[in-house]
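Q: Dumping the structure here so I can ask a few things about it.
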Amino acid sequence: MKSFTHFNDEGRAKMVDISEKSETARNAVAHSSIIVNKHIYESINNNTIKKGDVLAVAQVAGIMAAKKTSDLIPMCHPISLKGVDISFHWEEEQDDYRLVIEVSAKTVGSTGVEMEALTAASVTALTVYDMCKAIDKGMIIGETYLLEKSGGVNGSYKRNNKQQDR
């Protein structure tokens with residue numbers, strides 16, 4: 001197997017050459033979250049945030065972020081996304097509420113979509129923060145991580161429960 005490095009012969013950064021890698025179907029699922037107070041939780045669910053429908057705007061922002069990942073991450077290859085889906089669910093935690101964000105990204109290509117899924121999850125959470133910060137700036141954006149990926153020479157990856165509990 002060819003060794004991939006982000007350094008050229010002079011020890012300087014370069015984009016890895018993936019021209020000889022096979023194109024395969026690739027999928028990645030990323031997770032993020034944001035903890036909000038009860039007022040924000042109720043305002044999002046009742047669609048009374050002055051900036052608009054928080055989840056709809058955050059979902060579009062996340063999809064746009066996935067499409068722009070290679071513009072943000074210097075060594076990330078631009079890829080042709082075949083699909084991006086973002087879902088939400090709430091978890092109640094004592095006096096707070098956690099909005100859980102899950103992003104699935106798909107392509108057929110020579111490199112994976114992990115960075116696109118992770119970028120989308122991060123920007124989705126940031127957009128929720130931006131839309132709700134007038135109510136409370138104390139929101140907490142939670143851990144962002146890869147849940148699973150498939151395709152490519154390295155095969156599949158699935159995060160185990162022990163990793164999730166760190």
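Q: Restricting attention to the range 106-154, which residues are small (Gly, Ala, Ser) and within 12 Å of ASN27 (Cβ to Cβ)?
A: Within the range 106-154, GLY109, GLY112, ALA117, SER150, GLY151, GLY152 meet the criteria.
Q: Within the range 17-56, which residues are free of Cβ contacts under 8 Å to residues at least 60 places away in the same chain and closer than 21 Å to ILE73 by Cβ?
A: Scanning the range 17-56 gives a single hit, ASP17.
Q: A further question follows. I want to confirm something. Restricting to the range 104-124 and keeping residues that are among the polar types (S, T, N, Q) and not in a helix (DSSP H, G or I), which single residue is nearest to GLU148 (Cα to Cα)?
A: SER104
Q: Taking the condition surrounded by 12 or more Cβ atoms within 10 Å (Cβ to Cβ), farther than 13 Å from ALA117 by Cα, touching an Asp or Glu at 6+ places or on another chain (Cβ under 7 Å) and not small (Gly, Ala, Ser), does ILE35 pass?
A: Answer is yes for this residue.
Q: Another question about this same structure. Looking only at the range 60-112, filter to residues that are polar (S, T, N, Q) and surrounded by 13 or more Cβ atoms within 10 Å (Cβ to Cβ); which one of those is farthest from CYS132 (Cα to Cα)?
A: Checked the range 60-112; the qualifying residue farthest from CYS132 (Cα to Cα) is SER110.
Q: Which of the helices (runs of 4 or more DSSP H) contained wholly in the range 1-101 include at least 3 residues that are over 16 Å from the mean Cα position of the chain (by Cα)?
A: Passing ranges, in order: 38-45.
Q: Mind telling me which of the residues ALA125, ALA121, ALA117 ends up being closer than 17 Å to ASN154 by Cβ and of a type in the set (A, V, I, L, M, F, W, C)?
A: ALA117
A short reminder: the numbers here are calculations on the coordinates, not readings from a lab. Remember, it's a predicted structure, so these values are computed and weren't measured experimentally. In this analysis, Cβ positions are derived from the backbone assuming ideal geometry, glycine residues included, and neighbour counts consider all displayed protein chains.
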